[in-house]
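Heads up, the thing below is written out as structure tokens.
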Amino acid sequence: MIKYLPTLFLLLLTTYCEAAIVKGLVTDDKNTPLPFATVLIKGTTIGTTTNAVGQYQLDIAPGGYTLVCQYIGYRKTETTINVDAATQTVNFILLPVNLQIREVVVKAGGEDPAYAIIRAAIKKRAFYQNQVREYTCMSYIKGTMNMKGMPEKFLGKKVDKEDMGVDSAGKGMVFLSESVTKISSRMPDKMKLEVISDRKSGGGFGMSFPAIISFYDNNVSAVITQMGPRGYISPIAENALAYYKYRLEGEFMEDGRMVNRIRVIPRRKHEPLFAGYIFITDNDWRIHSTDLFLTSEYQLELMDTLRIRQTHVPVSGDVWRIKDQVLHIGVNKFGFGMEGNIVNVYSDYNLHPNFPAKFFDNTVIKYDSAFDKKEAHYWDSIRPVPLEVAESRDYHQKDSTAQANKLAAMSGNTLDSMRRKQKPVKVMDVLWNGVNRKSYFRRDSAIVSHDIRLTGLLKALKYNTVEGLVLALEPKFNFNLGEEKQLKVTPYIRYGLSNTHLNAYTFMTYSANSRVRNRYGRNDWTVGGGKRISQFNPDNPIDNIANEFYTLFLKENYMKLYENWFAQLQYSRTFQTNDRLTAGVRYESRIPVENTTDFVIFKNDKKQFTPNHPEDLANVPFNRHQAFIVDLNFRFQPGQQFMELPDRKVPLGSKYPTFELSYSKGIPNVANSIVDFDKWRVSVFDGMNFKLFGEFRYRLTAGGFLNDRNVQIPDFQHFNGNQTFYNTRYLNSFQLAPYYKYSNTAPFFVTANIEHHFNGLLTNKIPLLNRLKWNLVAGSNAFYVNGQNNYVEAFLGLENILKVLRVDVVAGYQSQDDTRVGVRVGFGGVFGNLVRP
């Protein structure tokens with residue numbers, strides 16, 4: 001039956017389109033339009049919501065009805081109509097509710113009557129939270145975002161207002177979308193969304209996923225976790241009285257029941273709390289409606305304000321559900337001012353759906369095969385919230401432009417225009433900014449491109465004590481081969497002015513999307529070869545910029561290198577589940593190199609550079625030799641959930657951790673190879689969000705050598721140490737450990753990296769830190785090989801500094817050295833977690 005739902009739904013829509021149209025305007029007694037008011041047929045959930053200028057439209061079959069119009073803070077109004085014409089107008093004028101105050105005697109030191117109501121609502125919270133064990137409903141979503149202003153430049157670059165679709169003043173609609181989605185839910189945590197139709201102004205994916213917000217939950221998620229990773233405490237949560245103050249501002253009668261208007265007041269700033277109003281009915285103590293908001297003072301991130309308005313209505317007997325929900329978004333960051341609304345209209349609730357067995361599988365979002373092929377008349381027939389003039393204009397202009405671009409995509413004029421649009425290459429592009437050039441051509445009714453990118457020559461400069469100043473050329477070529485196939489060619493050329501060595505090599509990667517037994521995946525073949533210079537630790541624990549700073553300014557050369565002629569072949573299969581299998585072979589002719597320069601910017605006679613051969617491995621010889629190695633790696637995450645598109649499935653993640661297994665085999669007597677070893681490693685890592693109590697992240701690893709008959713330094717087990725002032729690999733490094741002191745060929749080792757991000761817990765009570773939204777992070781890193789080779793460090797830090805930075809104070813307890821204490825700087829926070837490697 002489930003597979004016929006889209007067809008049945010479209011059939012119903014066809015019948016629905018033949019119905020009459022009832023439309024009108026909802027205003028207050030001063031003729032001011034009331035935005036997002038609820039209009040529905042009495043006794044049903046069939047209804048609509050007014051748009052931002054108070055207009056509504058309702059398509060219903062001929063007959064007699066009672067229309068109900070309600071708006072938070074206004075008296076519900078009913079009118080009886082007889083629908084017998086194709087179109088008729090019914091306007092509503094809503095009057096403010098006459099709030100009455102109970103005659104309650106509050107003694108000195110007593111409390112407001114609101115507290116008794118809230119306590120009763122808290123007692124009933126769990127009942128209403130679990131009252132409906134499963135249901136289905138339809139959700140219409142309209143999302144808009146308007147730009148109110150923007151700077152002329154951002155981060156030193158001119159803002160292209162035309163590309164963003166705004167006028168010269170930086171104003172205009174930048175996002176508009178609509179969708180119809182069927183929601184299927186079963187307690188406690190099963191949900192499936194079936195996107196029937198989806199539309200975005202100008203084309204592309206719209207906003208198809210309903211923002212399901214329940215204030216019956218103790219912890220409320222506000223749209224996406226990045227806006228508040230701790231969630232927000234509901235005004236009727238079990239412990240709400242410890243976080244909120246309440247004031248009864250009046251009560252009014254509606255449909256024979258008393259409704260209490262209660263003001264919600266956070267007790268403290270910088271806690272994840274709402275402010276505003278919640279309306280609770282007398283005697284049954286359920287939520288009637290809400291008008292609550294969050295601000296940046298209450299741990300809202302990315303936005304300045306988020307207002308949540310909900311209207312709850314009876315669905316069946318004693319069951320009430322959300323009829324409509326409006327999210328108003330306000331953003332004013334870095335000179336960009338934006339306002340937007342996300343309107344959700346829910347209808348057709350079925351509280352006894354009788355889901356078939358295995359209905360809830362690993363597909364949580366499914367798009368109908370024709371979700372993006374609906375014509376304008378379809379949307380006009382099913383849209384419960386009328387378009388505003390600006391929205392109609394936006395659809396017309398952007399859809400027309402997109403269609404014109406599509407029709408013109410194959411014309412010679414279009415090709416010439418795209419070619420001419422590329423700005424000429426300037427000297428500063430070659431030296432610093434970099435060059436990005438595209439070559440456009442036709443293929444199968446579309447225009448595609450090849451492109452070349454060149455890193456700025458000055459940015460490509462490097463310096464180390466082996467090569468001295470390095471001149472490098474780092475181009476990248478990307479060829480579009482059609483049918484989801486690509487070829488990437490990345491040659492590297494570098495010349496050391498001090499050691500006069502030229503190193504040049506190339507990698508070529510061929511990628512093709514494919515299906516195996518109707519399962520989508522990607523195959524990547526990589527072949528590479530040439531002569532290069534490499535760090536002894538293949539994880540490259542120190543990057544070029546850090547090494548250059550420490551070498552030139554502090555006379556500390558941490559980067560240890562060797563040269564190698566190499567050839568490599570690797571195959572990788574990324575499965576539909578996002579699991580990845582990688583297999584490869586590599587051959588290296590390894591050549592030791594020595595320091596050839598001691599140039600520094602600031603001379604320091606008290607220091608001298610260390611040899612290029614790692615001092616901690618001075619007793620391990622490294623002579624020229626050959627190595628032939630086979631590598632296998634498998635990374636998987638069980639319980640993967642998916643978004644199912646008409647032609648493929650896209651993985652969305654899982655509640656389970658990710659596992660990674662690796663095996664490397666050094667094979668002797670192949671092309672003069674001398675290495676002979678078997679090396680294995682198993683890792684498990686994950687992040688767990690405990691909401692109010694923060695997020696816990698970890699990585700656990702075990703490994704070792706099954707055979708170590710001949711292991712050369714590049715093949716040792718190296719732990720990613722860090723002797724510089726900054727760190728970026730928090731869950732895959734040791735912040736104070738030396739780079740090679742603990743390298744080994746032991747049969748077994750274990751490592752543990754753990755950290756807890758408090759996300760505002762504790763620091764929200766510390767003055768200044770709470771205003772700056774700097775958050776506490778704490779954790780520990782450790783490894784154990786044996787009694788003489790082990791290491792533990794603990795750290796405490798602050799993150800979300802300027803939204804991107806993190807600073808840790810670290811104490812390292814080392815088996816082979818004295819205890820060290822240091823400070824490390826890296827990325828962490830709302831944006832820092834995005835840019836961190």
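What follows is calculated from the coordinates using simple rules that are stated; it is not laboratory data. What you see is a predicted model, and the numbers here were worked out from it, not measured in a lab. Glycine gets a Cβ as well: all are built from the backbone with ideal geometry, and neighbour counts include every protein chain shown.
At R0 = 51 Å, how high is the FRET efficiency between residue 348 and residue 689 if r is their beta carbon distance? Nearest 0.05 is fine. The pair residue 348/residue 689 has a calculated efficiency of 0.95.
By how many nm would the segment from residue 238 to residue 575 grow when fully extended, if each residue of separation counts as 0.36 nm and the alpha-carbon distance is taken off? Can you show the working numbers first?
Working: separation 337, 0.36 × 337 = 121.32 nm, distance 4.36 nm.
That works out to 117.0 nm of additional length.
The label point for residue 457 and the one for residue 710, both projected 7 Å from the Cα toward the Cβ, are 4.4 nm apart.
Report Rg/Rh for the range 493-634, rounded to two decimals, where Rg is the Cα radius of gyration and Rh the Kirkwood radius. Could you put the intermediate results ahead of the total?
Values: Rg = 19.5 Å, Rh = 18.0 Å.
My calculation of the ratio gives 1.09.
Using R₀ = 35 Å, calculate the FRET efficiency as 1/(1 + (r/R₀)^6) where r is the Cβ-Cβ separation of residue 396 and residue 485; round to 0.05.
The calculated FRET efficiency here is 0.40.
Of interest is the spacing of the C-alpha centroids, which for the range 217-288 and the range 451-513 amounts to 58 Å. For the chain, the Kirkwood estimate of the hydrodynamic radius, built from every pair of different alpha carbons, is 31.6 Å.
Selection among 365, 786, 298 by position relative to the dipole of the chain gives 786 as farthest towards the positive end (Cβ unit charges, Cα centre). Counted by neighbouring Cβ atoms within 10 Å, the residues 177, 400 run from fewest to most as 400, 177.
As an exercise, identify the chymotrypsin sites (Phe, Trp or Tyr not before Pro) in the range 309-402 lying in DSSP coil whose Cβ has no more than 15 other Cβ atoms within 10 Å. Don't skip to the answer; put the middle values down first.
Details: sites: 320, 334, 336, 346, 349, 359, 360, 367, 371, 378, 379, 395; in loops: 334, 359, 360, 371.
Passing sites in the range 309-402 are 334, 359.
Computed FRET efficiency, Cβ-Cβ of residue 98 and residue 332, R0 51 Å: what is it to the nearest 0.05? In this case the efficiency is close to 0.85. Assuming charge only on the beta carbon of Lys and Arg (+1) and of Asp and Glu (-1), the dipole of the range 17-94 about its Cα centre is about 220 debye to the nearest 20.
Please go through the range 124-216 and write out the GluC sites (Glu not before Pro) that DSSP classes as loop and that have at most 16 other C-beta atoms within 10 Å. Walk me through the intermediate numbers first.
Working: sites: 134, 152, 162, 178, 194; in loops: 152.
Loop-located and lightly packed - 152.
Which whole-number percent is the relative contact order of the range 535-678 (Cα, under 8 Å, 6+ apart)?
Details: 257 pairs, mean separation 30.8, N = 144.
Over the range 535-678, the number comes to 21 percent.
Select from the range 572-678 those trypsin sites (Lys or Arg not before Pro) which occupy a DSSP coil region and have at most 10 other Cβ atoms within 10 Å, ordered by residue number.
Values: sites: 573, 580, 586, 590, 603, 606, 607, 624, 635, 648, 649, 655, 665; in loops: 603, 606, 607, 624, 648, 655.
Qualifying residues, ordered by number: 603, 606.
Counting only residues at least eight positions apart within a chain, or on another chain, the lysines with an alpha carbon under 17 Å from that of residue 603 are 555. A simple spin-label model places pseudo-atoms 7 Å from Cα toward Cβ; at residue 167 and residue 316 they are separated by 5.1 nm.
Think of each Lys and Arg Cβ as +1 and each Asp and Glu Cβ as -1; about the Cα centre, that makes the dipole of the chain roughly 780 debye.
Relative contact order of the chain: what whole-number percent is it, with Cα pairs under 8 angstrom and at least 6 residues apart? Display every interim value, and only then the final one.
Working: 2006 pairs, mean separation 60.0, N = 837.
Relative contact order of the chain: 7 percent.
All other residues whose Cβ lies under 12 angstrom from that of residue 565 are scored, Lys and Arg at +1 and Asp and Glu at -1, for a net of +3. Quick check: the distance between the Cα centres of the range 699-739 and the range 529-600, to the nearest angstrom? Taking the Cα centre of each part, the range 699-739 and the range 529-600 sit 14 Å apart. Relative to the current alpha-carbon distance between residue 76 and residue 431, full extension at 0.36 nm per residue lengthens the span by 120.9 nm.
Based on alpha-carbon atoms, the Kirkwood radius and the radius of gyration of the range 136-401 give Rg/Rh equal to 0.99. Legend: residue pairs 158/423; 655/803; 182/358; 423/485, Cα-Cα distance threshold 20 Å; pairs beyond threshold, 655/803; 423/485.
Full extension of the chain between residue 599 and residue 66 gives 183.1 nm of extra length, using 0.36 nm per residue less the Cα-Cα distance.
In this label model, residue 669 and residue 375 are separated by 7.6 nm, measuring between points 7 Å along each Cα→Cβ vector.
Given a cut-off of under 8 Å on Cα pairs at least six residues apart, what relative contact order in percent is computed for the range 683-837?
Over the range 683-837, the number comes to 19 percent.
Look at the dipole of the chain built from charges on Cβ: of 496, 458, 812, the Cα furthest out on the positive end belongs to 496.
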